[in-house]
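The block underneath contains the structure these notes are about, expressed in structure tokens.
The values are calculated or read from the model by the stated rules, or taken from the named source; none is laboratory data. In this text, all values refer to a predicted model and were calculated from it rather than measured experimentally. Glycine gets a Cβ as well: all are built from the backbone with ideal geometry, and neighbour counts include every protein chain shown.
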Amino acid sequence: MTNFNGRDAAAKKYDLLSALSAHGLSSDKHTQKLVLRLISLITTRYNWQRNELAMGQREIARLWCVNERTVKREMAKLRELGWIQTKRHGVRGTVSVLSLNIERILLDSKPSWPNIGQDYIERMSISNESKTIDSPKITETLRSDLSSTDNKWSAMCSHLKNEDPAVFDAWFAPLELAACENEKLSLIAPSNFHASYVRTHFLTRLGVAAKRTTKDIKHISLIS
């Protein structure tokens, strides 16, 4: 779904905007406004091929018809949700380049997909399945009980399992809690490959889960 090149690129763009629209319309008025503002950035300035959004706060304020203080506040909310990320920081008067975390947007909007229709759900499911990578077979005894003595990791596990059971079972359930102190969560992976894959593909998802279930965890590390 994150690849917007090729024959189906236009359809994928509409699918993403549909997901955002359905999510906004099913939410409270504050979320509706935030989603509408994000959609306006996507449709006016977002570079689909590069996954880049380069637009200064003054330009955004003019587009949204608000002051720059409101822009800072709303952009902070989008970062907190994990929907946008900083790709390159601005230097010497240039604006920062942002990117969309499309996976995160789709995960958060998924409960609203039925409002669009069953055909949309089926189409999105096929799109996601085509990108699934089989997890390695792990011979070690895996932790099957999520009830950890550490409530923070346990809460994160519940959150991750609820939003994507298949990914949770393949990649998060095998992780063991090593330590949780000084705002740092350390997790043990069953193999070097597993740790590397989670760092590359799911570290952001772990970070969002930490933000949404506990405010104490600022850093996450994986060891094997």
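Computed values, structure above
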| read-out | value |
| --- | --- |
| Residues located in segment 85-95, provided they are free of Cβ contacts under 8 Å to residues at least 40 places away in the same chain and not in a loop (DSSP other than H, G, I, E, B) | THR86, LYS87, ARG88 |
| Cross-chain or 6+ apart pairs with Cβ under 6 Å, segment 47-71 first and crowded, with 16+ Cβ neighbours inside 10 Å, then of a type in the set (Phe, Trp, Tyr) | TRP48/PHE4; LEU53/TYR46 |
| Only one of LEU175, LEU187, LEU142 that is at pLDDT 90 or above, more than 23 Å from ASN51 (Cβ to Cβ) and touching a Pro at 6+ places or on another chain (Cβ under 9 Å) | LEU175 |
| THR31 vs. criteria assigned to a helix (DSSP H, G or I), within 21 Å of the chain's Cα centre (by Cα), free of Cβ contacts under 8 Å to residues at least 12 places away in the same chain and surrounded by 12 or more Cβ atoms within 10 Å (Cβ to Cβ) | yes |
| Test result for ARG37, within 21 Å of ARG104 (Cα to Cα) and of a type in the set (D, E, K, R) | yes |
| Members of segment 111-127 found to be assigned to a helix (DSSP H, G or I) and either at pLDDT below 90 or surrounded by fewer than 16 Cβ atoms within 10 Å (Cβ to Cβ) (or both), listed by number | PRO111, PRO114, ASN115, GLN118, ASP119, ILE121, GLU122, ARG123, MET124, SER125, ILE126, SER127 |
| In segment 215-224, the residues that are surrounded by fewer than 16 Cβ atoms within 10 Å (Cβ to Cβ) and either within 17 Å of ASN151 (Cα to Cα) or of a type in the set (Phe, Trp, Tyr) (or both) | LYS215, ASP216, LYS218, HIS219 |
| Conditions (1) assigned by TED's automatic domain parsing to the domain that holds LEU38; (2) at pLDDT below 95; (3) not polar (S, T, N, Q): number failed by GLU74 | (2) |
| Test: residue in segment 5-13 that is outside the structural domain of GLU163 (by TED's automatic domain parsing), modelled with pLDDT of 90 or more, in a helix (DSSP H, G or I) and under 15 Å from MET124 (Cα atoms) | yes |
| Filter result for the condition that a residue is touching a residue at least 24 places away in the same chain (Cβ under 8 Å) and either part of a helix (DSSP H, G or I) or out of contact with any helix residue (DSSP H, G or I) (no Cβ under 6 Å at 6 or more places or on another chain) (or both), over LEU98, LEU41 | LEU98 |
| Tally of residues being surrounded by fewer than 18 Cβ atoms within 10 Å (Cβ to Cβ) and either of a type in the set (Gly, Ala, Ser) or in contact with a strand residue (DSSP E or B) (Cβ under 9 Å, 6 or more places away or on another chain) (or both) across segment 191-206 | 5 |
| Some residue of segment 153-164 being more than 20 Å from ASP108 (Cβ to Cβ) and out of contact with any Pro (no Cβ under 9 Å at 6 or more places or on another chain) | yes |
